[in-house]
1. What dipole magnitude, in Debye to the nearest 20, does the range A:54-263 give about its Cα centre under +1 on Lys/Arg Cβ and -1 on Asp/Glu Cβ?
2. For B:K248, list the lysines whose Cα falls under 16 Å from its own Cα; do not include residues on the same chain fewer than 8 positions away.
3. Note the full-extension length gain between A:W16 and A:E169 as 0.36 nm times their separation in residues minus their Cα-Cα distance, in nm to one decimal.
4. How high is the relative contact order of the range A:54-263, in percent, with contacts defined as C-alpha pairs under 8 Å that are six or more residues apart?
5. To the nearest 20 debye, what charge dipole does the range B:128-265 have about its Cα centre, counting +1 at the Cβ of each Lys and Arg and -1 at the Cβ of each Asp and Glu?
6. Please report, to two decimal places, log10 I(q)/I(0) for chain B at q = 0.14 Å⁻¹ as given by the Debye formula with identical point scatterers on the Cα atoms and no solvent.
7. For the range B:156-308, what's the relative contact order in percent, using C-alpha pairs closer than 8 Å and at least 6 residues apart?
8. With viscosity set to 1.306 mPa s and temperature to 10 °C, compute the Stokes-Einstein D of the range A:1-123, Rh being the Kirkwood radius across alpha carbon pairs; µm²/s, no decimals.
Amino acid sequence: MGIMGICTFYFLVPIWWLFVGATKSRGDFSGTAPLWFADFHLGQNLSELFAYRDGVFLRWMANSVLYTGGAALLGTLLAAMCGYALAKYRFPGRELIFNLVLGGVLVPATALALPLFLIFSELEATNTFWSVFLPSLVNPFGVYLARIYATASVPEELLEAARLDGSGEVRTFFKISTRLMFPALVTIFLFHFVAVWNNFLLPLIMLGNERLFPVTLGLYTWNGQVNQLPELRMLVLTGALVSIVPLVVAFLLLQRFWRSGLGAGSVK
Amino acid sequence: MKKKLLGVLMTSALALTACSSSSDGGDEVAAGASSCAPASGGPVTLTFTSWIPKIEEVVKVWNDAHPEIQVKVQTGPNGNGGTYQNFFNQLKAGNAPDLGQIEYDALPSFRVQDGLTNLAACKPVTDAKDRFIDWTWNQVSFGEKDAVYGVPQDSGPMALFYRKDLFEKAGIPVPATWEEYAAAAVKVRAAGGYITNFSQSDINQFAGLAWQAGGRWFSNDGTKWTVNLQDEATTKVANYWQDLIAKKLVSAVPPWTTEWDSAYNKGQAWTWVSAVWGANSISSGAPDTSGKWAVAPMPQWTAGGKVAGNWGGSSTAVFKGSKHPYEAAQFAIWLNTSQEALTLLNEKANLYPATKDGATLPALGKGVDFYGGQKIYDVFAAAATQVTPDFTWGPTMTSTYASASDGFKAAVSGSGTLLDALKKAQTTTIDNLKSQSIPVAE
């Protein structure tokens with residue numbers, strides 16, 4: 001219990017610091033105690049943040065949600081289909097494909113950014129929405145998870161029964177299997193969401209057009225200009241606070257399903 | 001492949017890094033000045049990558065006046081934060097922008113990698129030479145004949161920011177020499193403050209101090225680089241600051257942090273030897289001290305001397321592979337010499353121009369309230385002309401800085417000295433040059 005308390009404290013202090021920092025004016029930020037409030041300035045910081053450069057920050061947030069949410073949704077679907085196929089169908093090369101995918105888990109996304117840039121350069125597609133979106137769809141770990149879960153939670157007998165009743169394979173997948181795999185899908189979705197949200201290097205390398213930046217890259221750019229325009233410091237802080245909101249929301253909304261998944265079957 | 005490799009080696013004046021086999025699109029232009037002819041017919045669209053805040057508002061002025069040469073702005077983090085690496089990647093992939101912002105200390109690395117277009121054949125560029133302060137021109141020509149690898153954009157002449165009120169109250173005269181500065185440091189410490197904060201991790205300030213003293217870290221005779229981070233002048237500067245650190249007369253808060261701001265805001269640090277853009281760092285980092293600061297020329301090594309250092313500054317370069325060097329050069333010259341562009345750059349991003357008449361911008365002639373109404377830019381205008389002209393940066397500054405910064409941090413916390421750190425940085429730099437097959441003279 002004590003260790004849990006210490007860990008919680010350790011993880012929450014930076015967020016607390018960020019929250020407190022974002023509520024201060026610039027003078028108070030460097031002049032007052034970092035972990036407690038001075039004059040409450042959050043509203044002003046927020047309106048400054050949203051107004052700066054014609055609201056480019058909101059655009060970045062929208063981009064992030066689109067890149068991340070879109071890629072996580074589609075990516076989860078792809079991973080689920082792929083993992084399900086690997087678990088439920090027997091075909092030559094099945095293990096080979098699975099092992100290849102498993103190998104993909106070992107390759108960090110960072111290492112792939114530069115080769116991807118060179119490939120997209122050949123196609124003259126760098127600095128576009130797709131140059132960040134398409135690579136973000138790939139999620140080998142999701143495939144792995146989906147296969148394991150499909151093997152464990154989708155009984156062959158059920159699929160047999162569906163086939164006998166005349167349901168096509170695709171229909172069976174969407175109507176029956178995805179329902180059974182739902183907790184795993186939520187897990188995959190969350191992992192994928194976080195991975196894409198945090199994948200900083202890919203947009204850094206691919207994008208030059210500010211209007212396409214995700215929020216991480218945008219804030220990083222501002223942070224680099226703090227020496228020149230120190231008023232940006234408060235915008236970076238406030239922006240960082242706002243930018244974790246979607247992640248927190250995603251986790252709070254989905255953790256219900258997640259928990260039910262982990263618990264399901266444990267008492268049967 | 002082999003033939004191509006040979007060709008690459010022969011055409012570039014300085015050896016490239018390990019030739020990558022993936023760049024099959026990069027056709028080599030012979031060394032020397034590239035041709036500089038206007039595009040035949042039709043409007044031209046250029047791409048320009050820069051991390052200057054609000055640069056697109058400046059570029060819009062150009063675009064409105066020049067429908068035949070449209071410039072598209074791309075942006076990114078500051079150079080060492082990722083944009084330089086992006087430039088190198090793009091050069092490799094053959095889709096580099098036409099123009100890019102490159103700081104003076106990074107320019108040689110692009111030159112060595114053969115990434116820049118020599119603009120010496122562009123008349124608008126060579127015509128503008130005399131409009132720039134001499135030393136800034138040296139930064140983009142590397143002192144070579146018939147070589148212009150960029151158009152100087154801004155500069156960072158250095159001076160002494162000091163707390164006028166505190167110096168007066170303590171009865172300490174404003175130091176005009178480094179000897180007086182060290183003497184003042186003792187008195188300031190006795191009064192409960194620190195004379196300044198020694199920049200332990202941002203080596204650029206130290207480079208500016210060494211630059212002023214006459215240090216020459218790198219030179220290039222056309223074939224080989226000479227590295228000397230411990231020449232006489234630099235050794236003198238290193239020993240000077242080592243002494244102040246050892247006697248605990250300077251504080252050593254990491255620069256660009258809120259602690260650092262707070263030290264100035266609370267009057268714990270009394271001076272800062274910094275560049276012209278530092279005026280803005282103080283006024284925004286230490287808002288409570290408004291009206292209490294003033295600016296004096298940089299302390300001198302010899303009494304009555306008039307020598308300044310430089311900290312920062314960048315250029316607008318045209319990348320190799322640009323199809324429109326003529327138009328790109330025209331834009332770069334407009335951006336960095338015209339009064340309207342310089343005024344905007346100063347207003348939006350606090351850039352201090354690299355041109356001789358840049359000092360006459362109306363905004364730079366005004367008294368600044370934060371500095372008690374002093375016309376501080378007059379001091380910097382004088383300093384800009386006093387920067388010694390022949391300081392050259394090396395082609396691997398990132399690793400040199402990193403190594404020196406590690407050593408400086410150690411020296412500040414009591415292990416080793418600044419000189420040790422420079423010695424180590426020298427070894428690292430030479431190793432690094434060799435590992436990139438850049439010839440080094442030893």
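1. 460 debye
2. Qualifying lysines at Cα under 16 Å: B:K187, B:K409.
3. Separation in residues times 0.36 nm, less the Cα-Cα distance, equals 50.1 nm.
4. 34 percent.
5. It works out to roughly 360 debye.
6. Here log10 of I(q) over I(0) equals -1.34.
7. Relative contact order here is 43 percent.
8. 80 µm²/s
Readers should treat all values here as calculations from the given coordinates under stated rules, not as data from a laboratory. These figures come from a predicted structure and were not determined experimentally. Don't worry about glycine lacking a Cβ; one is built from the backbone with ideal geometry, like all the others, and counts go over all protein chains shown.
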